[in-house]
Each structure stands twice: as C-alpha cells, then as structure tokens.
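In what follows, a single structure is set out as structure tokens and then discussed.
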Amino acid sequence: MIVVGSSDGMLHFFDVADGYEVLAIMPPDQLADQVKLYQQYATGNATATGELRDPSQHVYGVTSSPRFADVYLSDNAYHTVLLLTEGKGGRSI
C-alpha cells in the first residue's frame, strides 16, 4: 500500500501491485477548503482545480507525510496504525 496526501484535501491509498486507488479519505476540517476552492472556480478567476492563479494564495490540502507505527494496545496485542498530521493544510492529527 502506498499512502500519499494531496492538495485536493484527501489522503489517497494505492495498491502497490496494480497502482489502483483503493481508498481516499478527507479529514473533516478539509471540507471548508473544498467549498472555498469550488467558489473560487465558480468565479472564473481560478484554474480548473479552483486554485487562484496567484501562487501566494494557494489552498493547502494534506501536506504532511503519513507515519505508520506498531503500537501495543489494551487488548495485549500489537497493531499497525497510521498517524497523519495535515501540515500547512490543516490542524488535525
């Protein structure tokens, strides 16, 4: 599994064997940015992705790399978990 964050606000999961996307999730605080991108697109002053043409006005999505860890939980077993901070694109962990 390959896991990548993207400027569309989603965390994408791809199957290594065939390259197909298996899952994409969007942290809840990214929803407001999606509305902003759509509104910018609707004005006609933005690119097809809703980004303004001025790079200093970029709307960041999930800009941090996900981390995996094996943690020992209360069921007395190890589990692999994914941790994600959103970097410049958000506030969630």
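No lab work stands behind these numbers, since they all come straight from the coordinates. On a predicted model such as this, the values are computed, not experimentally measured, just so you know. Using ideal geometry, Cβ is built from the backbone for each residue, glycine included, and neighbour counts are taken over all protein chains shown.
Against the condition in contact (Cβ under 8 Å) with a residue 60 or more places away in the chain and either assigned to a loop (DSSP other than H, G, I, E, B) or under 18 Å from the mean Cα position of the chain (by Cα) (or both), how does residue 30 come out, does it pass?
yes
Quick grid of which residues meet (1) in contact with a Gly (Cβ under 7 Å, 6 or more places away or on another chain); (2) of a type outside the set (S, T, N, Q):
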| position | (1), (2) |
| --- | --- |
| 7 | yes, no |
| 11 | yes, yes |
| 15 | no, yes |
| 44 | no, yes |
| 85 | no, no |
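Does residue 82 satisfy the criteria of being touching a strand residue (DSSP E or B) at 6+ places or on another chain (Cβ under 6 Å) and within 25 Å of residue 1 (Cα to Cα)?
Spelling it out, residue 82 is indeed touching a strand residue (DSSP E or B) at 6+ places or on another chain (Cβ under 6 Å) and within 25 Å of residue 1 (Cα to Cα).
Which of the residues spanning the range 18-31 are surrounded by 12 or more Cβ atoms within 10 Å (Cβ to Cβ) and farther than 15 Å from residue 4 by Cβ?
29
Hey, could you check the range 1-17 for residues that are in a strand (DSSP E or B) and among the hydrophobic types (A, V, I, L, M, F, W, C) and say which is nearest to residue 49 (Cα to Cα)?
Top of the filtered list is 11.
Could you check the range 58-70 and list, in sequence order, the residues that are exposed (fewer than 14 other Cβ atoms within 10 Å of the Cβ) and over 12 Å from residue 33 (Cβ atoms)?
65, 67, 68, 69, 70
Suppose we filter the range 32-57 for residues that are among the aromatic types (Phe, Trp, Tyr) and surrounded by fewer than 13 Cβ atoms within 10 Å (Cβ to Cβ); how many remain?
So the answer is 1.
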